[in-house]
1. Just to verify a result, which residue in the stretch 77-98, among those that are exposed (fewer than 10 other Cβ atoms within 10 Å of the Cβ) and in contact (Cβ under 8 Å) with a residue 12 or more places away in the chain, is nearest to Asp20 (Cα to Cα)?
2. Condition first: surrounded by fewer than 15 Cβ atoms within 10 Å (Cβ to Cβ), over 14 Å from Arg74 (Cβ atoms) and of a type in the set (D, E, K, R). Now tell me which residues in the stretch 1-23 satisfy that.
3. Would you be able to say whether some residue in the stretch 58-73 is exposed (fewer than 14 other Cβ atoms within 10 Å of the Cβ), within 27 Å of Asp17 (Cα to Cα) and either of a type in the set (D, E, K, R) or modelled with pLDDT of 90 or more (or both)?
Amino acid sequence: MAWTTAAEVLDAWIGDDAPDDSTKVDTWIGKAERLLRSKVPTLQARLAADPVVEPDLLGNVKDVVTGMVHRVFRNPEGVRQRQEGTGPFTGSVTYGGDQPGALWVTEHELALLVPAGDSTGAFTIDMIPSTSPFSDAYVSPLNAWELNE
């Protein structure tokens, strides 16, 4: 089931060089959505949830898929840098990403799709026992000054 249509991808295109083959756009939409389902396994179930718990989720998915497909069509040859020169004038364009021209999702885009509360980040373990006076959970004994007499 496609969440994004070729018309939506083409409507969001900026510039005059929009792709004219909607079948090819649909093919890349399918690839992008499969990649998202593999990276966010709960995505399909969350989109199909009734009642809708995350009202912006479908819009975010469409935005992410559109961005992914745009990156592929903007640089289909996978060129890292393009440079042109005519006489004394030169210009260059450097494409971002680890794999220019490839289908990929940014960390920011992925964060839009990961459920709230899920974290793929680092965590810490407190190694100070709760009985230590250096612990945040430490509670001093009642009337501790009287125990020393």
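1. Out of the qualifying residues, it is Glu77.
2. Answer for the stretch 1-23, where residues must be surrounded by fewer than 15 Cβ atoms within 10 Å (Cβ to Cβ), over 14 Å from Arg74 (Cβ atoms) and of a type in the set (D, E, K, R): Asp11, Asp20, Asp21.
3. yes
The values are calculated or read from the model by the stated rules, or taken from the named source; none is laboratory data. The structure presented is a predicted model; accordingly, all values stated were derived computationally and were not measured. Positions of Cβ are backbone-derived with ideal geometry, glycine not excepted, and every protein chain shown enters the neighbour counts.
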